[in-house]
Amino acid sequence: MTTLPPVSVPEERLDEGPPGRWLGRPTPRLDDEPLLRGSAWFVDDLAPWPGLAEVAIVRAPLAHARLLGVETAAARQMPGVLGVLTGSDLERFLRPLPSVLSEAIPYRPIALDRVRYVGEPVAVVVATDRYRAEDAAEAVELDLDPLPAVPSAHAALDPTLPPLHEGLPNNVASDRTLRYGDPDAAFAQAELVVRARFQQPRSICTPLECFGVLCRTDPVSGDVEAWSNFQGPFSLQVVAAQALGIPPAKLHLRTPEHSGGSFGTKAAVYPLVVLLAACSRALGGRPLKYLEDRREHLMAATAAGERLSEVQAAFSAEGRLLALRLDLVDDVGAYVRAPEPATLYRMHPCLTGAYQVAHLEARCRVVLTNRCPTGLNRGYGGPQLYLALERTMAIAARRLGLDPAELARRNLVPPAAMPYTTASGGRYDSGDYPAVLALALERFDWAGKRARARAARAEGRLVGVGLACVVEPSVSNMGYVDLASPPEVRARRPAKSGNVEGVSLAMLPDGTVQLRTTTTPQGQAHATVLALVVAEALGVDPRQVQVRAGADTAVGPWSISSGNYSSRFAAVAAGAAWQAASALADQLRRLAAQDLGCHPEQVLLADGHARLVDDPERDVPLRRLAGRAHWDPASLPPGVRPGLSLTHHLAIPDLPAPDAQDRANGSATYGFLCDLCEVEVDRGTGRLEILDYLSVHDAGRILHPVLAEGQVHGGLAQGIGMACFEQLAFDPDGQPLSTTFLDYLCPTAPEVPEARTVFVESPSPLTPLGAKGLGEGTTMSAPAALANAVADALEVEEVPFPLTPEALWRVVHGAEG
Amino acid sequence: MTRSIELRVNGTTHRVEVEDRRLLSDCLRHDLGLRGTRVGCEHGVCGACTVRLDGQAVRSCLLFAVQVEGQEIQTVEGLADPEGPLHPLQEAFHRHGALQCGYCTPGFLLTAAQLLDELRAEPNPEPPSEEEIRVLLAGNLCRCTGYGPIVRAVLEQATCAAGADPTEPSGEDRR
Ligand code: FES
Ligand code: FES
């Protein structure tokens, strides 16, 4: 009776792997009902301990100032107030949060004697409830001595402005030039050199649920227990413990089963955990609750930093891309909060995009501004890179008199070169990029639409088409951010590499299967996919598999790379679950072989039974085998462990630490997508209308077509938002101007087109299920594809970003005089 | 200043002590334990806190609890009997994959529920177009789905509520 929504099942697969009994099929999500009925528990719904007090944070009103004093006496007298704590009150419980870049940039979750961004915490008010806490927060008086602000990336490059941190000579926190091959020689030979500059403002993926933390400390042991909607990576758990001066084992982090979206942002919850833990300690172990409000979120939670890019691209007369020179400047805000400056280096293995380019030079600068610290945001460096790279390719095509699709085709990494090692050390594991491009061009009717757009322009309409080819890395190598330090510095530190995920799997005496992992989902239906993976391996119904994917660091399993980021779930977590379930299936086959009097290889697991392959009538229910493993361990054959339970960790191979030549395979696996779009700009209003959008995506094996499509469309909506509307604006003094949803414009239903998606599947040879990540690709591609289409529509080389009506109107009317 | 008020929510009358300034959203969530009403901005833009007040979808973060005494409030918990099957809209959201994190879902459901009830009350309802559904939902933010499946779920149910067959193409280009 239930017909599922239409999904674009690939009509042409590069690999003919059939879907399984459960995997690859559009089965319904298993975890919807509590969300639909409103009974699901999110962080604000929790009250894990009695006596929970509520917290309001007093935040800096200026972007840069000396903090001469915090007057709390009046606030302390207000009704319901249990305590008011300042940076100095908390100093003995806090150390600066460690940074990968420099100890000269101490970052504390609460300011001590200087504030460096609007919204930086300066005091914490604890009261019986949030209303009273906010009343008292207003009564806290700050004595501030203003300093000149560094409000933009440009300003950060100005050596005449004073440094934000005493220990630094200026506001460039890191400046590295990395060279691969012989770019100078390649540029000397070039027929055409395209040089283009780009500026992308700050933005934020801003989930609908803001940050939340509930925390208490044990006054005797110093143990900290915290519930929050933190999303990992759990390497930050170690960072948080260091800041509290406790061993990581004493910091017990938990997440509720539901989180209202994150898209990377909630990695930045951890400094609030540290702050609340310190406050709880200062108040004798009092349990505390803090919920960020939207204004605080947009002002001071996190952001994708401003990016300045300059690209130089050397081409041969035939349009072969010979070499690239990139100059990238990434604004990380007032502090380098871990895992930053990863935004700048996440795409480093893919700086040459989907193209075969041997010579590359990249200057990478991390700069400090008087704005809130940046962090993970969907796409994480990808939208920034591809806007610059794909715009440059489109400009080159125009100058060479080529169709941009033809220029791409001439330069795409060919399938014969797979696995392909990029100049900077990325290892593209599989895919037929030219075939994906060809399929996309045909499905979109690129040639026809391009010709019609030209004809429409001849009649005065501003219609254009755009293309973006994007390599989507997933499953980050924990070592790539070390590229921010030169090889000789790295050599002195312990190396970091790889990406680990663990699962614990058990079959209970009644045959129910339990799976536990730490992927901290925020809407991606990890529980559904993991249940399907386990069901596939064990031959059981997915509804018999109970999945707990939220974090509980006291129970685990988890590792420092656990969490929900870099689109790692399908490759590494589902892969670990598959391997664990396969091992459990092996145990069940051994048990069944004993009952059926056969060899374990002759046993097939299906429909909750173990059957003889040659005589399916002879079977034994898995439930009975499970019962025996628990109730009658004396009867177990050799090799079967009592209790049918195991914990398994997977690390995808081929992810070493960066080498001495600065080559790093920054991600385990690489997908490819080709996006094509058709737009029209309204001459009168500058409004951009997306007439058609197609994304052809090769993310390896698709584990669930509906969920995969949901990720692609969700990622696209955020890419469109970033391209067309979203911008965290600041005034020249560093005051944030986009602190409500009226000023920070997220796309709503009328602004997001019904895009078409096609999946092509070339399985990754490196991941257990052949799956690659797919949650960020369209966020990376959409800004580039749309900017290219607008450039085509307006017949210009320079397009503003974001593509707001006002900015486009200026281009149209400026050009018309 | 606190006062004792009577709130009628999902057909049940509750007596609560609230401060005058207590937001309806906070009162529903924290005083009455009806946590399904979510809060996403507390400044009236995101629509996550949408409830129905005498049938009209309103933002509970922009109302004080003391303002709505005597009116009939419906929250997501009142859409379907907790022990019974889902409301057809909830069922459609499930089938169409219209939720990811689910945080925006109650707000969308209540906004759409008003439309369905209005269509059912009309003598000769015209099934709404996809465009009209998109405009109707423009007051609710979703950061996860890209809206497509939400629009399809609501369009399907609105078409049913208008007495038409949702499997018939509506004359719009529905690629
Ligand atoms: S919480 Fe009420 S509209 Fe956003
Ligand atoms: S499903 Fe997450 S905000 Fe809509």
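Quick notes on this one:
- In segment B:76-86, the residues that are within 23 Å of residue B:159 (Cα to Cα) and assigned to a loop (DSSP other than H, G, I, E, B): B:79, B:80, B:85, B:86
- Test for residue B:138: is it open to solvent by 20 Å² or more (accessible area, probe 1.4 Å), among the aliphatic types (A, V, I, L, M) and within 16 Å of ligand 1 (Cβ to nearest atom): yes
Residues checked against (1) open to solvent by 30 Å² or more (accessible area, probe 1.4 Å); (2) away from every other protein chain (no Cβ under 14 Å); (3) among the aromatic types (Phe, Trp, Tyr):
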| residue | (1), (2), (3) |
| --- | --- |
| A:43 | no, no, no |
| A:50 | yes, yes, no |
| A:61 | yes, yes, no |
| A:66 | yes, yes, no |
| A:76 | yes, yes, no |
| A:89 | yes, yes, no |
| A:105 | no, yes, no |
| A:110 | no, yes, no |
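- Helices (runs of 4 or more DSSP H) fully within segment A:399-498 counting 1 or more residues that are under 24 Å from the mean Cα position of the chain (by Cα): A:433-444
- Checked against (1) within 30 Å of residue A:542 (Cβ to Cβ); (2) within 30 Å of the chain's Cα centre (by Cα), residue A:102 passes all but a single condition, namely (1).
- Taking (1) open to solvent by less than 20 Å² (accessible area, probe 1.4 Å); (2) more than 16 Å from ligand 2 (Cβ to nearest atom); (3) hydroxyl-bearing (Ser, Thr, Tyr) in turn, residue B:167 satisfies each apart from (1).
- If you go through segment A:714-752 and keep only what is touching a residue at least 60 places away in the same chain (Cβ under 8 Å), surrounded by fewer than 24 Cβ atoms within 10 Å (Cβ to Cβ) and within 9 Å of chain B (Cβ to nearest Cβ), you end up with A:740, A:741, A:746.
- Candidates A:203, A:235, filtered to the one that is at negative phi, away from ligand 2 (no atom under 16 Å from the Cβ) and within 14 Å of another protein chain (Cβ to nearest Cβ): A:203
- Subset tally (residues that are within 16 Å of ligand 2 (Cβ to nearest atom) and surrounded by fewer than 21 Cβ atoms within 10 Å (Cβ to Cβ)) for segment A:239-270: 1
- Yes/no for residue A:297 being within 16 Å of ligand 2 (Cβ to nearest atom) and either more than 30 Å from residue A:166 (Cβ to Cβ) or more than 16 Å from the chain's Cα centre (by Cα) (or both): yes
- Scanning segment A:206-232 for residues that are charged (D, E, K, R) and within 16 Å of ligand 2 (Cβ to nearest atom) returns a single hit, A:209.
- Among the criteria (1) in the same structural domain as residue B:11 (by TED's automatic domain parsing); (2) part of a loop (DSSP other than H, G, I, E, B); (3) within 16 Å of ligand 1 (Cβ to nearest atom), the one residue B:70 does not fulfil is (3).
- Considering the conditions (1) within 16 Å of ligand 1 (Cβ to nearest atom); (2) out of contact with any Cys (no Cβ under 6 Å at 6 or more places or on another chain), residue B:147 is excluded by exactly one of them, (1).
- A count restricted to segment A:657-698 and to residues that are assigned to a strand (DSSP E or B) and touching a residue at least 40 places away in the same chain (Cβ under 8 Å) stands at 25.
- Among the candidates A:275, A:214, A:236, residue that is in contact with a Lys or Arg (Cβ under 6 Å, 6 or more places away or on another chain) and buried (at least 24 other Cβ atoms within 10 Å of the Cβ): A:214
- Some residue of segment A:415-422 being touching a strand residue (DSSP E or B) at 6+ places or on another chain (Cβ under 9 Å), in contact (Cβ under 8 Å) with a residue 60 or more places away in the chain and closer than 23 Å to residue A:565 by Cβ: yes
- Filtered residue count, segment A:142-168, keeping only those that are exposed (fewer than 14 other Cβ atoms within 10 Å of the Cβ) and outside any loop (DSSP other than H, G, I, E, B): 3
- Filter result for residue A:770 (within 16 Å of ligand 2 (Cβ to nearest atom) and under 30 Å from residue A:22 (Cα atoms)): no
- Any chance residue A:205 is away from ligand 1 (no atom under 16 Å from the Cβ), over 23 Å from the mean Cα position of the chain (by Cα), outside the structural domain of residue A:401 (by TED's automatic domain parsing) and buried (at least 24 other Cβ atoms within 10 Å of the Cβ): no
- Residue check, residue B:39 farther than 20 Å from residue B:153 by Cβ, of a type in the set (Val, Ile, Thr) and within 16 Å of ligand 2 (Cβ to nearest atom): yes
- Condition broken by residue A:66, with the remaining ones in (1) touching a residue at least 12 places away in the same chain (Cβ under 8 Å); (2) among the charged types (D, E, K, R); (3) out of contact with any Lys or Arg (no Cβ under 7 Å at 6 or more places or on another chain) satisfied: (3)
- Pair list, Cβ under 8 Å, 6 or more apart: segment B:20-47 residue within 16 Å of residue B:139 (Cβ to Cβ) and without any contact (Cβ under 8 Å) to a residue 60 or more places away in the chain, other residue within 7 Å of ligand 1 (Cβ to nearest atom) and acidic (Asp, Glu): B:25/B:42
- Residue list for segment B:70-93, filter: open to solvent by 40 Å² or more (accessible area, probe 1.4 Å), modelled with pLDDT of 95 or more and closer than 16 Å to residue B:24 by Cβ: B:71, B:72, B:74, B:77
- Filtered by the rule that a residue be within 6 Å of ligand 2 (Cβ to nearest atom) and β-branched (Val, Ile, Thr), segment B:138-152 gives a lone residue, B:145.
- Taking segment B:87-168 as the region of interest, the helices (runs of 4 or more DSSP H) fully inside it that hold 3 or more residues being within 13 Å of the chain's Cα centre (by Cα), within 14 Å of another protein chain (Cβ to nearest Cβ) and touching a residue at least 12 places away in the same chain (Cβ under 8 Å) are B:88-96, B:105-121.
- Residue within segment A:378-389 that is among the aliphatic types (A, V, I, L, M), at pLDDT 95 or above and either over 14 Å from residue A:310 (Cα atoms) or not in a helix (DSSP H, G or I) (or both) present: no
- Among the residues of segment B:28-51, the one identified as open to solvent by less than 20 Å² (accessible area, probe 1.4 Å), more than 27 Å from residue A:299 (Cβ to Cβ) and either away from ligand 1 (no atom under 13 Å from the Cβ) or away from chain A (no Cβ under 11 Å) (or both) is B:36.
The values are calculated or read from the model by the stated rules, or taken from the named source; none is laboratory data. This one's a predicted model, so the numbers in the text were calculated from it and none came from an experiment. Virtual Cβ from ideal backbone geometry, glycine too; neighbours counted across all protein chains shown. These area figures cover heavy atoms from the full protein model, side chains too; ligands, DNA and RNA do not enter into them. Shrake-Rupley method; radii C 1.70, N 1.55, O 1.52, S 1.80 Å.
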